[in-house]
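The values are calculated or read from the model by the stated rules, or taken from the named source; none is laboratory data. No experiment lies behind these values; they were computed from the predicted model shown. Cβ: placed from backbone, ideal geometry, glycine included. Neighbour counts: every protein chain shown.
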Ligand SMILES: [Zn+2]
């Protein structure tokens, strides 16, 4: 199926095209430009709307998709102290009543309604494969991993050295939590990685709160990648990665929400807190375009997914159509909210949209449910209402989840 989205403002790597055309053929972007090429297909006019690449969330744990946040003994010394509080909390016990595949669905719907089209779910593949059926967004696949870099890390993957070697050989990322806290081993995480030959352009380090200047120099020299999760870090540790030093050193930085039991409600909050933190800490503005890049091109590069993260011919047809000021696209991106998400397309498939796009859903024969998302009338592909019902049945009361402000519309 060919679709041509015309008259929109299209944000491409080279330039912003006013009244442009984005065409897709099946799951691929077939054309980006000023005029429609070819006569076949459906034309959808989107005047006054912005088109961005689908957002890539650099860090989450979909099995941990639940609320409220847990952290009675904050600030913590490392993730393990938090994890102990989590595991002994009534909220964790309540979450245990929910089927794991429903937690995956919950996590991916949480992202879908915010325009996140891909998520890096940090978990061993074999665990994910058990529970991840028909997710609402793309789960980035094909990574090598460790849980973290200390002796008390969970036994995920086949060891740092081997996983990293495989990543280099197979042109994949090697992803691990790193320097998330203040005990000696956690502080020495980058040194330990280096001893294991695991600091390279394939290396993706989540958090990095305790990075030293020497760590940052090494990461910059080796072209390694960092996933910044300011909301989660500030909540658990009252501190976050030395983000200005990382950016000034030219390190490729992505942005991640982490799970909502420690992190942000959604990517909207993550972007705003990132900006606020930067301003309060450094007295300087963190450019909206920098935040946009963290969630698109930088993530594509760090995760070795050349097919994602920008609106260019030949890339995956993952994009979002957003309401905002077409003259201030990046500002609109960073400040968008639920009501502004007008259409979400993943792998060429329309998955979510504003009620104004109902005709398109019908023309493409896409089954949808009518819902109100934070009060706005939206259409969702899949059974999001059934999911909410199952969750409320499982926990035995009408659970409200702030990251899924969804109710039936009719
Ligand atoms: Zn994590």
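Structure notes:
- Residues within region 58-77 that are within 12 Å of the ligand (Cβ to nearest atom) and in contact with a strand residue (DSSP E or B) (Cβ under 9 Å, 6 or more places away or on another chain), tallied: 6
- For region 188-207, a tally of residues being under 26 Å from the mean Cα position of the chain (by Cα) and more than 15 Å from the ligand (Cβ to nearest atom) returns 8.
- Residue check for residue 23: away from the ligand (no atom under 16 Å from the Cβ), without any contact (Cβ under 8 Å) to a residue 24 or more places away in the chain and not in a loop (DSSP other than H, G, I, E, B): yes
- Residue match in region 300-321 (condition: in a helix (DSSP H, G or I) and under 22 Å from residue 109 (Cα atoms)): yes
- Criterion violated by residue 49 - all others in (1) within 16 Å of the ligand (Cβ to nearest atom); (2) more than 18 Å from the chain's Cα centre (by Cα) satisfied: (1)
Per-residue answers, yes or no, for (1) in contact (Cβ under 8 Å) with a residue 24 or more places away in the chain; (2) in contact with a helix residue (DSSP H, G or I) (Cβ under 8 Å, 6 or more places away or on another chain):
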site: 146; (1), (2): yes, yes
site: 179; (1), (2): yes, yes
site: 183; (1), (2): yes, no
site: 195; (1), (2): no, no
site: 220; (1), (2): yes, no
site: 233; (1), (2): yes, no
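- Filtering region 357-383 to residues that are in contact with a strand residue (DSSP E or B) (Cβ under 7 Å, 6 or more places away or on another chain) and either assigned to a helix (DSSP H, G or I) or assigned by TED's automatic domain parsing to the domain that holds residue 113 (or both) leaves 357, 358, 360, 361, 363.
- The condition of being surrounded by fewer than 17 Cβ atoms within 10 Å (Cβ to Cβ), free of Cβ contacts under 8 Å to residues at least 24 places away in the same chain and touching a strand residue (DSSP E or B) at 6+ places or on another chain (Cβ under 8 Å) does not hold for residue 285.
- Counted residues, region 227-250 - those being in a loop (DSSP other than H, G, I, E, B) and either crowded, with 24+ Cβ neighbours inside 10 Å or within 12 Å of the ligand (Cβ to nearest atom) (or both): 2
- Condition check for residue 179: surrounded by 24 or more Cβ atoms within 10 Å (Cβ to Cβ) and closer than 25 Å to residue 231 by Cβ: yes
- Of the listed requirements (1) within 14 Å of the ligand (Cβ to nearest atom); (2) crowded, with 21+ Cβ neighbours inside 10 Å; (3) farther than 22 Å from residue 392 by Cβ, residue 156 misses just one: (2).
- Test: residue 261 is in a helix (DSSP H, G or I), within 16 Å of the ligand (Cβ to nearest atom), more than 30 Å from residue 9 (Cα to Cα) and at pLDDT 95 or above: no
- Given (1) surrounded by fewer than 23 Cβ atoms within 10 Å (Cβ to Cβ); (2) within 16 Å of the ligand (Cβ to nearest atom), number of the condition residue 279 does not satisfy: (2)
- Residue identified as more than 16 Å from the ligand (Cβ to nearest atom), in the same structural domain as residue 339 (by TED's automatic domain parsing) and touching a strand residue (DSSP E or B) at 6+ places or on another chain (Cβ under 6 Å) among 117, 43, 28: 43
- Residue count for region 78-106 satisfying the condition of being within 16 Å of the ligand (Cβ to nearest atom) and closer than 23 Å to residue 152 by Cα: 11.
- Of the residues screened, residue 208 is one that is out of contact with any helix residue (DSSP H, G or I) (no Cβ under 7 Å at 6 or more places or on another chain) and either on the phi > 0 side of the Ramachandran plot or buried (at least 23 other Cβ atoms within 10 Å of the Cβ) (or both).
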